[in-house]
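A.B. asks: Quick one: the structure is below, and I'll ask about it shortly.
The values are calculated or read from the model by the stated rules, or taken from the named source; none is laboratory data. All values reported here derive from a predicted model rather than from experimental measurement. Heads up, the Cβs are rebuilt from the backbone with ideal geometry, glycines too, and the neighbour counts pull from every protein chain shown.
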Amino acid sequence: MEFIPVAKPFIGVEEEQEIIDTLRSGFIGTGPKTAQFEKEFAAYIGRKHALGIDSCTNSMHMTFVAMGIGKGDEVITTPMTFVATANSVVYTGATPVFVDVQPDTMNIDPVRIEKAITPRTKAILPVHMYGHPCDMDEIVAIAKRHNLKVVCDCAHAIEAEYKGKKVGSYGDAACYSFYATKNLATGNGGMMVTDDDAIADTIVIIRDHGMSAGAWARYYTGEFKHYQMTHLGYKCIMWDLQASLGLQQLRRIESRHIKREALAALYDKKLKRLGENIQPFKTTRPVKHAHHLYPVILTGVDRDWVAGKMEEKGIGVGVHFRPVHLEPYYREVWGHKPGEFPVTEKAGEKLLSLPFWPEMKEEELNRVVDTLDEVIKEALNQKRTGNKR
Ligand SMILES: *Cc1c(COP(=O)(O)O)cnc(C)c1O
């Protein structure tokens, strides 16, 4: 039987045609396709500026650099995320300060944010986990009271809405990932959105070596220009092959989101018969959930054993996520240890993401549910009841 992966992008003839068009244009660096994708993405989110960068990780890093955050500063974030979230703070020389999450959303807990603020705190970096919006009213209010920036990691949350507005339109800036497994996939890629002209102007320069004008402006617009290097920049600008995919992927994002919602509801329904060892991870809050992943909580069975058996039986699974502060690097370099963030640590041993992408067929979903049923029964029979760390 064919292996069912945990995620799959959808690339249609439109993407192929857009890529061929770019390849034949004679310019495959950063040019008109990137500018067009930025314009359409800004309009979709409802922001003044969108800036193409080569990943979400680098988008967050560039945003902090543009905000002047660095050595001696602190940024409050969550340990329930992909390692890149915290790493983007470390790259600047600043300290990531973790606070625990809410058990019903896996999102950063605003009450704990306020308690973690010190005179060195400069920004809050929330993650809209799985595509479920964070409590943005509370987070933005805390930031206002303490004069902090809010930068959101929207890697899971392109389509997500909070109080009727795209979640990426809240706070000072939001950063997106277009990595191969994300809801909008360009292989590698990212975007930073903001309404702040000064931050946008700085990022335009520092994402491209700190130069005042890129290759497109210098060689392809019929006007000779020198560049000047005004800042110590980086090399992380988006290029037109990524933007070609992105432009077409953006046009599919809402129609695919409808399928995500239907598929998540189908999983919820079909998993009911598996009983109390497995609970879909969901909330009843009135938000537009982007449904990036379909996580479940396993109780009374060893999650890692179940994950291993699922893969053996041809079903791809993932864990989103194990706590960042318990990674060897964060233990050794930053002195973190088990017991600091109990909600994250407990969930980090029980979460399992099942295969989930909009074009997934009902037969495939049924095979996932049947296999999970089998594996859980096997785990109970063999008394595989807990995780060893
Ligand atoms: C994927 C992901 C990132 C990193 O995105 P890249 O584009 O690969 O840099 C950051 N944060 C979260 C929550 C992610 O899932």
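A.B. asks: When you go through (1) within 18 Å of residue 49 (Cα to Cα); (2) in contact with an Asp or Glu (Cβ under 6 Å, 6 or more places away or on another chain); (3) within 15 Å of the ligand (Cβ to nearest atom) one by one for residue 245, which number turns out not to apply?
C.D. replies: Failed condition: (1).
A.B. asks: Additional query: Report the residue count in segment 288-339 for those that are away from the ligand (no atom under 16 Å from the Cβ), closer than 24 Å to residue 253 by Cβ and crowded, with 21+ Cβ neighbours inside 10 Å.
C.D. replies: So the answer is 0.
A.B. asks: Which residue out of 53, 19 is closer than 19 Å to residue 172 by Cα and either of a type in the set (A, V, I, L, M) or under 16 Å from the mean Cα position of the chain (by Cα) (or both)?
C.D. replies: After ruling out the rest, the residue left standing is 53.
A.B. asks: In segment 255-280, how many are more than 19 Å from residue 162 (Cβ to Cβ), of a type in the set (A, V, I, L, M, F, W, C) and surrounded by 14 or more Cβ atoms within 10 Å (Cβ to Cβ)?
C.D. replies: Within segment 255-280, residues that are more than 19 Å from residue 162 (Cβ to Cβ), of a type in the set (A, V, I, L, M, F, W, C) and surrounded by 14 or more Cβ atoms within 10 Å (Cβ to Cβ) number 5.
A.B. asks: Restricting to segment 49-85, name every residue that is closer than 19 Å to residue 335 by Cβ, of a type outside the set (Ser, Thr, Tyr) and buried (at least 24 other Cβ atoms within 10 Å of the Cβ).
C.D. replies: Listed by number, the residues that qualify are 75, 76, 79.
A.B. asks: Just need a number here: residues in segment 64-86 that are touching a helix residue (DSSP H, G or I) at 6+ places or on another chain (Cβ under 7 Å) and farther than 23 Å from residue 138 by Cα.
C.D. replies: 4
A.B. asks: Also: Please verify whether segment 278-301 includes one or more residues that are part of a helix (DSSP H, G or I) and within 28 Å of residue 363 (Cβ to Cβ).
C.D. replies: No, because not a single residue in segment 278-301 is part of a helix (DSSP H, G or I) and within 28 Å of residue 363 (Cβ to Cβ).
A.B. asks: Name the residue, out of 167, 99, 150, 127, that is crowded, with 19+ Cβ neighbours inside 10 Å, out of contact with any His (no Cβ under 9 Å at 6 or more places or on another chain), closer than 26 Å to residue 191 by Cβ and β-branched (Val, Ile, Thr).
C.D. replies: Just one listed residue meets the conditions, 150.
A.B. asks: Out of 198, 213, 180, I need the residue that is modelled with pLDDT under 95, surrounded by fewer than 20 Cβ atoms within 10 Å (Cβ to Cβ) and not basic (Lys, Arg). Which one?
C.D. replies: 213
A.B. asks: Under 9 Å between Cβ atoms, at least 6 apart or on separate chains: pull out the pairs that start in segment 122-136 with a residue that is closer than 26 Å to residue 70 by Cα and end on any residue that is more than 16 Å from the ligand (Cβ to nearest atom) and of a type in the set (Phe, Trp, Tyr).
C.D. replies: Partner pairs satisfying both residue conditions: 128/162; 134/162; 134/170; 136/162; 136/170.
A.B. asks: Would it be correct to say that residue 225 is away from the ligand (no atom under 16 Å from the Cβ), over 29 Å from residue 25 (Cα atoms) and of a type in the set (D, E, K, R)?
C.D. replies: no
One line per residue, one yes/no per condition, for (1) free of Cβ contacts under 8 Å to residues at least 40 places away in the same chain; (2) assigned to a helix (DSSP H, G or I); (3) over 23 Å from residue 129 (Cα atoms); (4) among the charged types (D, E, K, R):
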{"site": "305", "(1), (2), (3), (4)": "no, yes, yes, no"}
{"site": "308", "(1), (2), (3), (4)": "yes, yes, yes, no"}
{"site": "344", "(1), (2), (3), (4)": "no, yes, no, no"}
{"site": "358", "(1), (2), (3), (4)": "no, no, no, no"}
{"site": "374", "(1), (2), (3), (4)": "no, yes, yes, yes"}
{"site": "377", "(1), (2), (3), (4)": "yes, yes, yes, yes"}
{"site": "383", "(1), (2), (3), (4)": "yes, no, yes, yes"}
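A.B. asks: Residues to consider are 241, 263; find the one that is under 30 Å from residue 136 (Cβ atoms) and modelled with pLDDT of 95 or more.
C.D. replies: The conditions single out 263.
A.B. asks: Here's a follow-up. Go through segment 353-379 and report how many residues are surrounded by 14 or more Cβ atoms within 10 Å (Cβ to Cβ) and over 30 Å from the mean Cα position of the chain (by Cα).
C.D. replies: The total comes to 3.
A.B. asks: Which residue is farthest from residue 307 (Cα to Cα), if the candidates are limited to segment 1-34 and must be surrounded by 14 or more Cβ atoms within 10 Å (Cβ to Cβ) and small (Gly, Ala, Ser)?
C.D. replies: Within segment 1-34, the match that is farthest from residue 307 (Cα to Cα) is 25.
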